[in-house]
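Visitor: For reference, the structure I am asking about is given below.
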Amino acid sequence: MALAALVLAGCTTAPPQRWGEWIDPALGSSSGILRDGKVLVACDTFDISVRAQCQDDLRRALEGRGVNAVAAPVDTTAMNPREWEGQLAASAHAAGAKTVFILTMTPATTSMGSGMSIGIGGFNFGSGGGAGIGLSAPIGGWGSTGFSATGRVSDARNGRMVWTSTFAASPSSDIGGQFRELTRTVLDAAQSAGLL
């Protein structure tokens with residue numbers, strides 16, 4: 001029993017950690033901006049299929065909190081975060097959305113299975129190799145990746161960002177589970193900030 005407890009303890013991961021948050025002082029502490037009309041939701045991720053799943057999960061999670069959410073076109077692309085609001089303006093207008101909620105998922109840390117984590121700036125899916133500078137992966141596996149999630153809410157009428165918050169998850173091989181947990185954590189932060 002003691003051995004089983006140690007194994008389970010070793011498999012548990014810490015909840016996502018907040019990296020930062022900002023709210024427009026003009027918004028106030030209980031604006032309820034995400035409950036005021038439709039909200040266009042979009043995910044910025046590394047893969048279009050992951051983006052589609054992320055947007056579905058985000059839309060359902062917001063609807064579960066009483067938000068009238070509609071998903072952005074999945075094929076929306078942007079080279080950097082500043083371009084998203086501009087590209088989504090037409091979609092928000094067509095949907096009659098007053099606000100835009102964008103969730104960006106980015107690889108943030110990796111664990112090589114030795115208990116050590118390192119920061120990374122990018123991610124490579126495929127059969128090719130790759131390792132951190134000065135490090136080599138142990139034989140027998142690539143380890144796991146921890147993602148960060150940045151949620152940001154903008155006023156669709158003028159494109160002005162009114163809130164943003166970033167959280168990072170512990171490395172895990174369960175990317176879908178990470179995304180769901182990060183989505184829930186970001187929405188909890190939006191609720192705590194009075195947006196819901």
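The values are calculated or read from the model by the stated rules, or taken from the named source; none is laboratory data. A quick note: this is a predicted structure, and the numbers were derived from the prediction, not measured. When the accessible area is computed, the model is the full protein with side chains, heavy atoms only, and any ligands, DNA or RNA have been set aside. Shrake-Rupley method; radii C 1.70, N 1.55, O 1.52, S 1.80 Å.
Visitor: Whenever you get a sec, line up Glu181, Glu21 from highest to lowest accessible area (probe 1.4 Å, protein heavy atoms).
Guide: Accessible-area ranking of Glu181, Glu21, largest first: Glu21, Glu181.
Visitor: Moving on. How much length would be gained if the chain were fully extended between Arg60 and Asp174, taking 0.36 nm per residue of separation minus their Cα-Cα distance, in nm to one decimal?
Guide: Details: separation 114, 0.36 × 114 = 41.04 nm, distance 2.02 nm.
My answer for the length gained is 39.0 nm.
Visitor: Just the number please: accessible area per residue for segment 148-196, 1.4 Å probe, all protein chains included, in Å².
Guide: Each residue of segment 148-196 exposes 37 Å² on average to a 1.4 Å probe.
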